[in-house]
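Note sheet for the following structure.
The values are calculated or read from the model by the stated rules, or taken from the named source; none is laboratory data. Note that the structure is a prediction, hence the values are computed from the model and not measured. FYI the Cβ positions are ideal-geometry reconstructions off the backbone, even for glycines, and counts take in every protein chain you see.
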Number of protein chains: 2
Amino acid sequence: MTGSLVIAGLGPGAESLVTPEVGAALAQATDVVGYIPYVARVSERSGLTLHPSDNRIEIDRSRHALEMASEGRQVVVVSSGDPGVFAMASAVFETVEAGPAAWRDLDIRVLPGITAMLAAAARAGAPLGHDFCAINLSDNLKPWALIEKRLRLAAEADFAMAFYNPRSRSRPEGFAKTLQILQETCGNARPIIFARAVSTPEEEIRVVPLVDCTPEMADMRTMVLVGSSTTRIIERNGTPIVYTPRSVET
Amino acid sequence: MTGSLVIAGLGPGAESLVTPEVGAALAQATDVVGYIPYVARVSERSGLTLHPSDNRIEIDRSRHALEMASEGRQVVVVSSGDPGVFAMASAVFETVEAGPAAWRDLDIRVLPGITAMLAAAARAGAPLGHDFCAINLSDNLKPWALIEKRLRLAAEADFAMAFYNPRSRSRPEGFAKTLQILQETCGNARPIIFARAVSTPEEEIRVVPLVDCTPEMADMRTMVLVGSSTTRIIERNGTPIVYTPRSVET
């Protein structure tokens, strides 16, 4: 049988946000590969082997998946969110490019998922309803100077912003610097959304004016969204609605 | 009965990309409101009234939906893609803010969907696998000068880019200007992806070097994705794979 490799997005956490396309791929898989907590979201069944692996070994994991697909297995690599947004798809293609020529002609498909920033935005209202950018704040794989340059240019462009991986125990200082850059460039009135563990039982949404933000408000399970200069807050009972209008006045 | 308003994303076209959460909301709706081709994607059934409406009357449509929810109906406003990305969610919240105070306390929820740029990226490989921005190229609701400023700053930040609404019959010149700005700022080697009608029977994916792009390659059903300076192409039989690596060298 010809093998295949599917790189599938499981969405932010809730089963109700997994697309039927991804569900069908998992139902046909012989092998599921991925980071431990994502593989734990896949139901065990006879004929399916689960291959959970640790964080930060994305290339080893990709190689393993490609080898199994080459041997004729139906392999699904699972990511949370969307596999193409700071997740497994790029790691797999890096491995394909560096690997044997035969890997290029494997049947490889990417199945999109609900990425964290859009799940978070939906909970808050529509903060990304106008032009926006998405930045990975981790400097594990790129120099901090590039992140800082992008933050300053994004503020100058007046993009709303979505930050992935804002803060981890091993790099607590990056998000503090980010808040400082935003305060220098954006003005203090800007609403910031801290959306933690969206669509899971631990979900928590906070809307905080930039001037009141502290680094501790984010961790690795938090998406941070930053309004643009036109972003509005609708006060009401409960969490306010944050949205960015479609129009900018001429 | 208490009314509710759900703003739901139907994804780019295929039924297999509609989340179960959105399916459940449609199954409970008494009224579905939206642009004609999106409402046409919802199955008719007894107890459900469909309210298709024309393009460019988003505020009228929002008001109608809010009025029905106020009267106790279970209303779903449908968008293609994700409702928070250049779609109906902002229009509804603009209407809420301008409307009677009671509308603020309605049960309003946004249900995310697979937005066009992520469906398109998945088909091409992983072109948005590193920092990126999303820009609506339509100047119906913002000055062209702002679009141009954002394009130049996005190029300087070396973001990959996703363009919504690149070109329509009424504004053919904007995308021509966009290509010119990209050629000035990005260098000619940059890969451009034209992804038309992704996940529908009319789907068409083209990968074209920036130097060979012409405005006619895009229309209103096309998403345009622009690689960053680090984006790679893996040649193989058939459509090449386009991906942006996770790393940038220090």
inquiry  = Quick test of your reading of the structure: B:Glu94 fulfils all but one of (1) at pLDDT 95 or above; (2) surrounded by fewer than 18 Cβ atoms within 10 Å (Cβ to Cβ). Name the failing condition by number.
reply    = (2)
ask   = For the range A:121-139, does any single residue satisfy the condition of being in the same structural domain as A:Glu15 (by TED's automatic domain parsing) and surrounded by fewer than 24 Cβ atoms within 10 Å (Cβ to Cβ)?
value = no
ask   = A:Asn165 is checked against (1) touching a helix residue (DSSP H, G or I) at 6+ places or on another chain (Cβ under 7 Å); (2) within 22 Å of A:Asn55 (Cα to Cα); (3) within 14 Å of another protein chain (Cβ to nearest Cβ) and fails just one. What number does that condition carry?
value = (1)
query = Hey, among B:Pro172, B:Pro112, which residue is within 14 Å of chain A (Cβ to nearest Cβ) and in contact with a helix residue (DSSP H, G or I) (Cβ under 8 Å, 6 or more places away or on another chain)?
reply = B:Pro112
ask   = (1) under 15 Å from the mean Cα position of the chain (by Cα); (2) at positive phi; (3) not basic (Lys, Arg): which one isn't true of B:Ala119, the others all being true?
value = (2)
Strands (runs of 3 or more DSSP E) fully within the range B:195-250 counting 2 or more residues that are within 11 Å of chain A (Cβ to nearest Cβ) = B:232-234, B:241-243
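So for the range B:43-60 (the condition being crowded, with 18+ Cβ neighbours inside 10 Å and either outside any loop (DSSP other than H, G, I, E, B) or at positive phi (or both)), does at least one residue qualify? Let's see the steps before the verdict.
To start, the set of residues in the range B:43-60 that are crowded, with 18+ Cβ neighbours inside 10 Å comprises B:58.
Within this subset, residues satisfying the condition of being either outside any loop (DSSP other than H, G, I, E, B) or at positive phi (or both) are B:58.
Yes, some residue in the range B:43-60 is crowded, with 18+ Cβ neighbours inside 10 Å and either outside any loop (DSSP other than H, G, I, E, B) or at positive phi (or both).
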